[in-house]
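Engineer: The structure's right below; bear with me while I get my questions together.
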Amino acid sequence: MAQIIDGKAVSASVKAEVAEETARLRETNGLKVGLAVVIVGNDPASRVYVNNKKKACEAVGFQSYEYALDESTTQEQLLDLVNVLNRDDRVNGILVQLPLPKHIDEKAVINAISPDKDVDAFHPVNVGKIMIGEYSFLPCTPAGVMRLIESTGVDITGKQCVVIGRSNIVGKPQAMLLLQKNGTVTICHSKTKNLKEICLGADILVVAIGRAKFVTGDMIKEGAVVIDVGMDRDENGKLCGDVDFESAEKKAGYITPVPGGVGPMTIAMLMKNTLTAAKQQAGIE
């Protein structure tokens, strides 16, 4: 039976590190850290995420600034707000909660955020930095996955790493981070042939495709590290991941549960990114 990777415990330790450093820098450098979160419309899931981010800011000693805009907000109005926040010295990080209403071009909004304040690491400048390994921030979910793998004590060097999913938010940056840690990386997606055989060769398997219980125990190598990034609902409407936990747990060496695995890490790493941004803007090494 696999050892469960406790995302709540690992994320709590990341937040504790951030809180400690934030308090120390406030004492020694007078540093105040501020995160602006912009939400457009009334998407219930987005509202939950925004509330969780505000709570996390409070827990680590950050100021949080929320901008809740009406569904009918125009793209021009949203871009104007982003430009104001880019110039606001109290704001070290800017996060525009996705998805945005259909009449707004997400790419234009992401590109408008200053790369120095882009704590989601979605701006093309930050994406490019990840490719060459000279980044300041990492996308929060892949960064959280790396921290979870690290918590197992498994060394990535030389391991066969398989990432299922090629999104810009998780799959692609995840592959880059594993590569930078000297993993041998295969990226799989909906057009991949012989997926089961590829998965069976994986020492580390990261699944991020958004299909409930897609990866089953018979696709997992004995003793592998299995990281489930999915957040789905099963046939009974119960929260589950992209991995069929019940069958996978019998084969894996380590596995993340859903909920309580990758989810808590995303917000913890956002806090870490925001502190990094604040330090850089203040010229603190």
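The values are calculated or read from the model by the stated rules, or taken from the named source; none is laboratory data. All values reported here derive from a predicted model rather than from experimental measurement. FYI the Cβ positions are ideal-geometry reconstructions off the backbone, even for glycines, and counts take in every protein chain you see.
Engineer: List pairs: first in region 180-191 and touching a residue at least 24 places away in the same chain (Cβ under 8 Å), second polar (S, T, N, Q) and in a loop (DSSP other than H, G, I, E, B), Cβ under 7 Å, 6+ apart or cross-chain?
Structural biologist: Pairs found: K181/T157; N182/T157.
Engineer: Can you pull out the residues in region 130-167 that are free of Cβ contacts under 8 Å to residues at least 40 places away in the same chain and over 14 Å from A202 (Cβ atoms)? Please lay out each step first, then the result.
Structural biologist: At the first step, the residues of region 130-167 found to be free of Cβ contacts under 8 Å to residues at least 40 places away in the same chain are 132, 134-135, 139, 142, 146, 150, 153, 155, 157-158, 166.
Correct list: I132, E134, Y135, P139, P142, M146, E150, G153, D155, T157, R166.
Engineer: Answer yes if at least one residue in region 15-22 is surrounded by fewer than 18 Cβ atoms within 10 Å (Cβ to Cβ) and hydroxyl-bearing (S, T, Y), and no otherwise.
Structural biologist: no
Engineer: Evaluate the following for V91: is it touching a helix residue (DSSP H, G or I) at 6+ places or on another chain (Cβ under 8 Å), of a type in the set (V, I, T) and buried (at least 17 other Cβ atoms within 10 Å of the Cβ)?
Structural biologist: Numbers: touching a helix residue (DSSP H, G or I) at 6+ places or on another chain (Cβ under 8 Å): yes; of a type in the set (V, I, T): yes; buried (at least 17 other Cβ atoms within 10 Å of the Cβ): yes.
Yes, satisfied.
Engineer: In the set N168, N126, which member is polar (S, T, N, Q), under 25 Å from D43 (Cα atoms) and either assigned to a helix (DSSP H, G or I) or at pLDDT below 95 (or both)? Let's see the steps before the verdict.
Structural biologist: On the way: N126 fails: under 25 Å from D43 (Cα atoms).
Going through N168, N126 in turn, just one is polar (S, T, N, Q), under 25 Å from D43 (Cα atoms) and either assigned to a helix (DSSP H, G or I) or at pLDDT below 95 (or both): N168.
Engineer: Does K191 fit the bill of being surrounded by fewer than 23 Cβ atoms within 10 Å (Cβ to Cβ), in contact with a helix residue (DSSP H, G or I) (Cβ under 9 Å, 6 or more places away or on another chain) and either part of a loop (DSSP other than H, G, I, E, B) or among the aromatic types (F, W, Y) (or both)? Spell out how you get there, then give the answer.
Structural biologist: Values: surrounded by fewer than 23 Cβ atoms within 10 Å (Cβ to Cβ): yes; in contact with a helix residue (DSSP H, G or I) (Cβ under 9 Å, 6 or more places away or on another chain): no; either part of a loop (DSSP other than H, G, I, E, B) or among the aromatic types (F, W, Y) (or both): yes.
Taking the combined requirement at face value, the residue does not satisfy it.
Engineer: Given G171, G144, G158, which one is out of contact with any helix residue (DSSP H, G or I) (no Cβ under 6 Å at 6 or more places or on another chain), under 20 Å from G7 (Cβ atoms) and assigned by TED's automatic domain parsing to the domain that holds I227?
Structural biologist: On the way: G144 fails: out of contact with any helix residue (DSSP H, G or I) (no Cβ under 6 Å at 6 or more places or on another chain); G158 fails: under 20 Å from G7 (Cβ atoms).
Sole residue among the options that is out of contact with any helix residue (DSSP H, G or I) (no Cβ under 6 Å at 6 or more places or on another chain), under 20 Å from G7 (Cβ atoms) and assigned by TED's automatic domain parsing to the domain that holds I227: G171.
Engineer: Identify the single condition in (1) under 17 Å from the mean Cα position of the chain (by Cα); (2) at pLDDT 95 or above; (3) of a type outside the set (V, I, T) that S136 does not satisfy, given that it satisfies every other one.
Structural biologist: Every listed condition holds for S136 apart from (2).
Engineer: Would you pick out the residues in region 219-235 that are over 16 Å from the mean Cα position of the chain (by Cα) and not small (G, A, S)? Outline the logic, then answer.
Structural biologist: First, pick out the residues of region 219-235 that are over 16 Å from the mean Cα position of the chain (by Cα): 219-226, 232-235.
M219, I220, K221, E222, V225, V226, D232, R233, D234, E235, listed by residue number.
Engineer: Name the single residue that is farthest from the chain's Cα centre (by Cα) among those in region 236-280 being buried (at least 24 other Cβ atoms within 10 Å of the Cβ) and free of Cβ contacts under 8 Å to residues at least 60 places away in the same chain.
Structural biologist: That would be V243.
Engineer: When you scan region 93-121, how many residues do you find that are in contact (Cβ under 8 Å) with a residue 12 or more places away in the chain, part of a loop (DSSP other than H, G, I, E, B) and farther than 19 Å from M265 by Cα?
Structural biologist: Summing the residues that are in contact (Cβ under 8 Å) with a residue 12 or more places away in the chain, part of a loop (DSSP other than H, G, I, E, B) and farther than 19 Å from M265 by Cα in region 93-121 gives 8.
Engineer: Does region 98-108 contain at least one residue that is within 24 Å of L35 (Cβ to Cβ), outside the structural domain of A45 (by TED's automatic domain parsing) and modelled with pLDDT of 95 or more?
Structural biologist: Taking region 98-108 as the starting set, the residues that turn out to be within 24 Å of L35 (Cβ to Cβ) are 98-101, 104-108.
From what's left, outside the structural domain of A45 (by TED's automatic domain parsing): none.
No, because not a single residue in region 98-108 is within 24 Å of L35 (Cβ to Cβ), outside the structural domain of A45 (by TED's automatic domain parsing) and modelled with pLDDT of 95 or more.
Engineer: Looking at region 234-280, which of its residues are assigned to a helix (DSSP H, G or I) and either charged (D, E, K, R) or more than 30 Å from G61 (Cβ to Cβ) (or both)?
Structural biologist: The first filter runs over region 234-280 and keeps only residues assigned to a helix (DSSP H, G or I), leaving 245-249, 262-280.
Matches in region 234-280: F245, E246, S247, A248, E249, K272, K279.
Engineer: Could you check region 129-151 and list, in sequence order, the residues that are surrounded by fewer than 17 Cβ atoms within 10 Å (Cβ to Cβ) and assigned to a loop (DSSP other than H, G, I, E, B)? Give the derivation first.
Structural biologist: To start, the set of residues in region 129-151 that are surrounded by fewer than 17 Cβ atoms within 10 Å (Cβ to Cβ) comprises 131-134, 150-151.
Hits for region 129-151 are G133, E134.
Engineer: For residues that are among the β-branched types (V, I, T), within 18 Å of the chain's Cα centre (by Cα) and assigned to a helix (DSSP H, G or I), scanning just region 27-59, find the one that is nearest to M271 (Cα to Cα).
Structural biologist: Taking the candidates together, the pick is V50.
Engineer: Across region 227-264, what is the number of residues that are in contact with a helix residue (DSSP H, G or I) (Cβ under 8 Å, 6 or more places away or on another chain), within 19 Å of S190 (Cα to Cα) and not charged (D, E, K, R)?
Structural biologist: 3
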